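Quick notes on the structure that follows.
The values are calculated or read from the model by the stated rules, or taken from the named source; none is laboratory data. What you see is a predicted model; the values in this text were computed from it and never measured. Positions of Cβ are generated from backbone atoms using ideal geometry, with glycine treated the same way; all protein chains shown enter the neighbour counts.
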Amino acid sequence: MDLVPVLEEPLKKVIGPATAKVMAEHLGLHTVGDLLHHYPRRYAERGELTRLADLPLDEHVTVVAQVASARIMKFRGGSGQRLEVVITDGSGQLQLVFFGKGVHKPHKDLLPGTRAMFAGKVSVFNRKLQLAHPAYQLLRGGEDGETVDSWAGALIPIYPATAKLESWKIAKSVDTVLPSAREAVDPLPPALREGRGLVPLPEALLKIHRPSTKADIADARARLKWDEAFVLQVALARRRYADTQLPAVARKPKPDGLLAAFDARLPFTLTEGQEKVSKEIFDDLAAEHPMHRLLQGEVGSGKTMVALRAMLAVVDAGGQAAMLAPTEVLAQQHHRSITEMMGELAEGGMLGGAEQATKVVLLTGSMGAAARRQALLDLVTGEAGIVIGTHALIEDKVQFHDLGLVVVDEQHRFGVEQRDALRGKGKQPPHLLVMTATPIPRTVAMTVFGDLETSVLDQLPAGRSPIASHVVPAQDKPHFLARAWERVREEVEQGHQAYVVCPRIGDEEPEAKGKKKSPEDEAEKRPPLAVLDVAEQLAQGPLKGLKVEILHGRMQPDDKDVVMRRFAAGETDVLVATTVIEVGVNVPNATAMVIMDADRFGVSQLHQLRGRVGRGSAPGLCLLVSEMPEASAARARLNAVAATLDGFELSRIDLEQRREGDVLGQAQSGVRSSLRMLTVIDDEEIIAEAREEAAAVVAQDPELEHLPGLRTALDALLDEEREQYLDKG
C-alpha cells in the first residue's frame, strides 16, 4: 500500500502551510486525522448568547453576543482614539476595546444590535472584565463574503482555539478535511459496536463536527468515548496478557516457617480486610507468572503489615524481598517498624536470633561506606532476606542472591523506570506489589494502573481513633487562630504531642525577579509560611515554654533521624515540619496537627498529612489554617477535606478540581494525551465496561489478527513515547 492513508495525510498539504504551522505549533495537530479528532469544546446555538458572567480570567474564550453600544473616545489631547464596544448576553455585559488605526473596521461592523462571535483573552481593567482587540466574526447574512452562512446549522461548533487561530478558522479547516472522515477505519469490532448500538466512526466524526441536532452530538460523544476507553483498555489488557506469559518462580510459604512464626508472635488478629487481601497476594505469589498488584489502603489501614507478611512468605520460599521507599526518613522508619514487629525473627545469623530468623538490612544513599559494604554483601550472599531502601537499591552495584518480590511504597513518587530497574535485578521477573495510601478512584486505577490487579484495604485496624478536622479562617477570624494554639497547648498538657506543617522551609534563595507568579501569589503578596519563621514565632509566642523542634528535607539525614527519634520518644512537644512527614511517619502519641497555609496543599496531600494524627487511642485533631476568603475555591477545597475522612471521596473531589491531566500526571502523559472526549470521573461505567470487553477480545485474539482496524488505532495510540510508558508500567 504505497498511498498514505487519507487520515495520515500531513495537514500542510491540505489546508495550506501557514494555518498548518499554527495548528502544529499551538494545538499539536499534524495530520488530517489529528484535526478530525480535534473536537468542538461546546456548541453555541444560533440565537442563543454565551453567558458572560461565567467567563474565566486569563483564558482565551470564544463568545457569541450582541452589541449594545459602541463609541469612539479620544485621549492624549485628541491625538489618540479608542473604540469602546459593550456587548451583552441579555443580562451581563463585557467591554471590548480597539485602539489606533484598528478602530475603523470594527466601528463600521459592530453596530448596536449586531450579533457576532468574539474571541480573545479575558482581562480585568478598572475592575471590569474586558477583551482587548478581540477577533470577531459577524453572525448575520450580509453582502460581504465573510458571513457565517457556512454554519447554516442551528448549532455553531466552538473549538478549543488559541490567540493565533480563532475557532471559526479552525471550523473552516475542518470543513476542508471533513469529507476524509468517510475513510476513517473503525477500531471497534463490529459485534461490539452493534451490540451497544453505537454509530459507525465516520458518522460519529461528521456528527461531532457538524451536528444538526443535540441528539447528533450525544450519539457522536457516546461513540467517541467508547473508542478512547476501549483502545486504551485493549492496550492495558495486552500488557496484562503478556505478563501472564512471563515466567516467575512460584513462592509458597512453608507451614512451619518464618511466616508462621511471625503470625504466632502477633499480639492482635488481622482485620477481615487484611486477611482477604493477604489471600489475594498469596494466591498471586503461588503462580508461575509474576504478580502485578496495586494495594490501596486508607492511611493507617495496616498496609505495611500485609506487605511484610508477603515478604516473609517469599523469604520462607527461599527468595529475597526488597521494599522501595521514596525518602530516607521513610526507609528508616519502615526498617525500624519492621525490625520491631519481627523481633528476634529479624536477627538471622546473630546470637539470640530465632531459628527461622532472617536478616533485615537498610540501604540508603547516605550510609557510611562500611555499613553499605556489609549490606551489599548480605544481599549478594542471600544472608539478608529482606532489604528496605531508597533509590540506592536501584544502582548497578546492588546485586541480589535471588530477588523474589519487590514492594514499592507510595507509587506516585516513583517513576516507572525505577520500578523497572529493580525488576530487572531478579534472575526471572520478580513479583511486584505496589502500595499507595493516596486513594485512587477506581476509574483512575483502571486507566493509569490498568496493568495492575487492585486490592483495597478499607477497614481501619481496631484501636484507631477518629480525627476531627476544622478550617481556621485566620484572615476573617483571627481569634480562631489564637484558639488553635491554645488547643495545641491543651493537647501537650494532657501528655500528647503536635505537628505544625508549613509549605516551605524558609532558607531558600529569594525568588528570581523574572519568575512568573501565579495570580494567587500576586493576590496574597506574601510567600507561603516557612518552617524556620513559624517555629521561631511559636517558641517565643503562643507556644512559649513548650519544646519546639523543626524537621525538613534539607537537613542532614542523621539530624533528621535524631529529631524523629526524639519526637517518637516523646521528648519533643511540637514538631514544626514541611511535608517530609506526609507519608509513613508513625507516632501514636501525636494527636494534634495544625496545617499553615493549608490552601497551598492539594486535597490528597492534606488527607495524607492528617493521617499522621489519631494513630493511637486518643482522638486526633486537625486544624486547617488559611487566609483565603470564604467564597474562594481554595476554601471550598478545605471545607471538603474537613467534612470527610473518606480518602476515596476526597480523591474524587481532587480529581474534579484538578482536572484529569494533573492526576494522570506527567509520567502518564501518554494516557493523558489520548483522552480527548473521555473524562475519567464521569465515564466510570464506560471505562469499566470497556475493560471487560477489552479483556474478552484479547483473550480470544491476543495479537488482534482478525481486527486490523483495532490494530491500527492501537498503533496510533501507542506511538513511541507511550509504548515505552506502557511497557515500563
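A few remarks follow.
- Scanning the range 344-365 for residues that are closer than 24 Å to Asp558 by Cα and at pLDDT below 90 gives Ala346, Glu347, Thr364, Gly365.
- Of residues in the range 260-279 being more than 30 Å from the chain's Cα centre (by Cα) and hydrophobic (A, V, I, L, M, F, W, C), the one nearest to Thr339 (Cα to Cα): Phe262
- Any hit, the range 100-108, residues being touching a Gly at 6+ places or on another chain (Cβ under 6 Å) and within 28 Å of Asp175 (Cβ to Cβ): no
- Close pairs from the range 616-635: first on the phi < 0 side of the Ramachandran plot and assigned by TED's automatic domain parsing to the domain that holds Val534, partner surrounded by 15 or more Cβ atoms within 10 Å (Cβ to Cβ) and among the basic types (Lys, Arg), Cβ under 6 Å, at least 6 apart: Cys622/Arg610; Met628/Arg635
Every residue, every condition in (1) surrounded by 13 or more Cβ atoms within 10 Å (Cβ to Cβ); (2) at pLDDT 95 or above; (3) outside any helix (DSSP H, G or I), yes or no:
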site: Pro461; (1), (2), (3): yes, no, yes
site: Arg464; (1), (2), (3): yes, no, yes
site: Val472; (1), (2), (3): yes, no, yes
site: Phe480; (1), (2), (3): yes, no, no
site: Ala484; (1), (2), (3): yes, no, no
site: Glu491; (1), (2), (3): yes, no, no
site: Gly495; (1), (2), (3): no, no, yes
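- When we screen Pro189, Pro200 for residues that are outside the structural domain of Leu403 (by TED's automatic domain parsing) and crowded, with 20+ Cβ neighbours inside 10 Å, the only hit is Pro189.
- Only a single criterion out of (1) surrounded by 13 or more Cβ atoms within 10 Å (Cβ to Cβ); (2) without any contact (Cβ under 8 Å) to a residue 40 or more places away in the chain is not satisfied by Lys279, namely (1).
Residues are listed down the side, and each one gets a yes or a no for (1) modelled with pLDDT under 90; (2) in contact with an Asp or Glu (Cβ under 8 Å, 6 or more places away or on another chain); (3) more than 24 Å from Gly28 (Cβ to Cβ):
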site: Gly670; (1), (2), (3): yes, yes, no
site: Pro708; (1), (2), (3): yes, no, yes
site: Leu717; (1), (2), (3): yes, no, no
site: Lys728; (1), (2), (3): yes, yes, no
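- Test: residue in the range 129-141 that is surrounded by fewer than 19 Cβ atoms within 10 Å (Cβ to Cβ), within 38 Å of the chain's Cα centre (by Cα) and more than 23 Å from Ser167 (Cα to Cα): no
- Filtered residues of the range 291-310 (kept if surrounded by 22 or more Cβ atoms within 10 Å (Cβ to Cβ), modelled with pLDDT under 85 and of a type in the set (Gly, Ala, Ser)): Gly297, Ser301
- Cβ-Cβ under 8 Å pairs, at least 6 apart or on other chains, the range 595-608 side on the phi > 0 side of the Ramachandran plot, far side at pLDDT 80 or above and not in a loop (DSSP other than H, G, I, E, B): Asp597/Val625; Asp597/Ser626
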